[in-house]
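Have a look at the structure below, then the notes.
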Amino acid sequence: MIIETRAVAPFFKNGFVLGCEETREAVLIDPGDEVDELLALIARDLWDIRHILLTHAHVDHVTGVAASKRALGVPVHLHRDDLFLYDNAVKQGAMFGLHVEPQPPIDAFYTPGQVIAFGTYEVRPHHTPGHCPGGVCLQVGRKGVAGRQLFVGDTLFAGSIGRTDLPGGDYDTLIHAIRTVLFAFGDEAEVYPGHGPKTTIGQERRTNPFLIEARRT
């Protein structure tokens, strides 16, 4: 699988294009302020985007959805529990002094056990609330194989965890989601966070100070 990542100011939020090298089908994850760069590389590399997948609906993860929808015309997916955040993206932006255009309606809500295919790969969404009510981890791998690449939004970072002081956030819920959902993928699973560098489950399980402290309590 080919993974392209872009991030720009002010939030330096990671947006991703995941592409099947055999079929050129691809998915777009969390288009934000870096959307122009993502759309440029999609056009340059002739990716056939099949879906726009959102890990959650905080404003930095959705500011590029409208532009992506106009350019690509593909369905937008979100967890239903984050719809209240998505529908208030304009107000969220105003809190940061930013002008954010209204976003298009969500086309599909994630469902338990769902599989979203692109080329020879598939995405399986897993509910990971805590940073926000509708946060998800997107597990990606070859069809018929347990995916080991995790796109986790702002649930888990290299050396840190998502903040829980925003509407709908809850610290205990977040720690529970990390330990019961993400850790279950095994130490070798690769973690692609919404901000910062990639890491692994094993690295975070062993060294992340928030998770070590949670283990002691």
Note to self: For the range 105-125, which positions are over 18 Å from Val136 (Cα atoms) and surrounded by fewer than 18 Cβ atoms within 10 Å (Cβ to Cβ)?
What the structure shows: Pro105, Thr120
Margin query: List the residue pairs whose Cβ atoms are under 8 Å apart, where the first residue sits in the range 175-187 and is polar (S, T, N, Q), the second is at pLDDT 95 or above, and the two are 6 or more positions apart or on different chains.
Written below: none
Next item on the list: Kindly indicate whether any position in the range 15-32 is within 19 Å of Asp154 (Cβ to Cβ), of a type in the set (D, E, K, R) and at pLDDT 95 or above.
Entry: yes
Checklist line | Residue tally, condition touching a strand residue (DSSP E or B) at 6+ places or on another chain (Cβ under 9 Å) and either aliphatic (A, V, I, L, M) or open to solvent by less than 10 Å² (accessible area, probe 1.4 Å) (or both), over the range 155-180 | finding: 8
Item checked: Cβ pairs under 6 Å, 6+ apart, first in the range 143-165 and in contact (Cβ under 8 Å) with a residue 60 or more places away in the chain and of a type outside the set (Phe, Trp, Tyr), second open to solvent by 10 Å² or more (accessible area, probe 1.4 Å) and outside any loop (DSSP other than H, G, I, E, B) -> Gln149/Glu190
Note to self: Exactly one condition in (1) outside any strand (DSSP E or B); (2) touching a Phe, Trp or Tyr at 6+ places or on another chain (Cβ under 8 Å); (3) surrounded by 21 or more Cβ atoms within 10 Å (Cβ to Cβ) is false for Gly134; which is it?
What the structure shows: (2)
Note to self: When you check Asp48 against the structure, is it open to solvent by 10 Å² or more (accessible area, probe 1.4 Å), out of contact with any Ser or Thr (no Cβ under 6 Å at 6 or more places or on another chain) and not hydrophobic (A, V, I, L, M, F, W, C), yes or no?
What the structure shows: yes
Notebook entry, point to check: Among the residues of the range 31-45 satisfying the criterion of being acidic (Asp, Glu) and in a loop (DSSP other than H, G, I, E, B), which is most open to solvent (accessible area, probe 1.4 Å)?
Noted result: Asp33
Next item on the list: Working only within the range 10-30, note down all residues that are out of contact with any Phe, Trp or Tyr (no Cβ under 8 Å at 6 or more places or on another chain), surrounded by fewer than 23 Cβ atoms within 10 Å (Cβ to Cβ) and either in a strand (DSSP E or B) or of a type in the set (D, E, K, R) (or both).
Entry: Glu21, Glu22
Check: Are there any pairs, at least 6 apart or on different chains, whose C-beta atoms fall under 7 Å, with the first in the range 188-201 and open to solvent by less than 50 Å² (accessible area, probe 1.4 Å) and the second hydroxyl-bearing (Ser, Thr, Tyr), and if so, which?
Finding: Ala189/Thr200; Val191/Thr199; Val191/Thr200; Gly194/Thr55
Item checked: Subset of the range 87-104 [assigned to a helix (DSSP H, G or I), open to solvent by 10 Å² or more (accessible area, probe 1.4 Å) and within 11 Å of Ala57 (Cβ to Cβ)] -> Gln92
Next item on the list: For the range 52-60, state whether one or more residues are open to solvent by less than 50 Å² (accessible area, probe 1.4 Å), polar (S, T, N, Q), out of contact with any Ser or Thr (no Cβ under 7 Å at 6 or more places or on another chain) and modelled with pLDDT of 95 or more.
Entry: yes
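The values are calculated or read from the model by the stated rules, or taken from the named source; none is laboratory data. Values in this document were obtained by computation on a predicted structure and should not be read as measured data. In this analysis, Cβ positions are derived from the backbone assuming ideal geometry, glycine residues included, and neighbour counts consider all displayed protein chains. The area values use the complete protein model at the heavy-atom level, side chains included, leaving out ligands, DNA and RNA. Shrake-Rupley method; radii C 1.70, N 1.55, O 1.52, S 1.80 Å.
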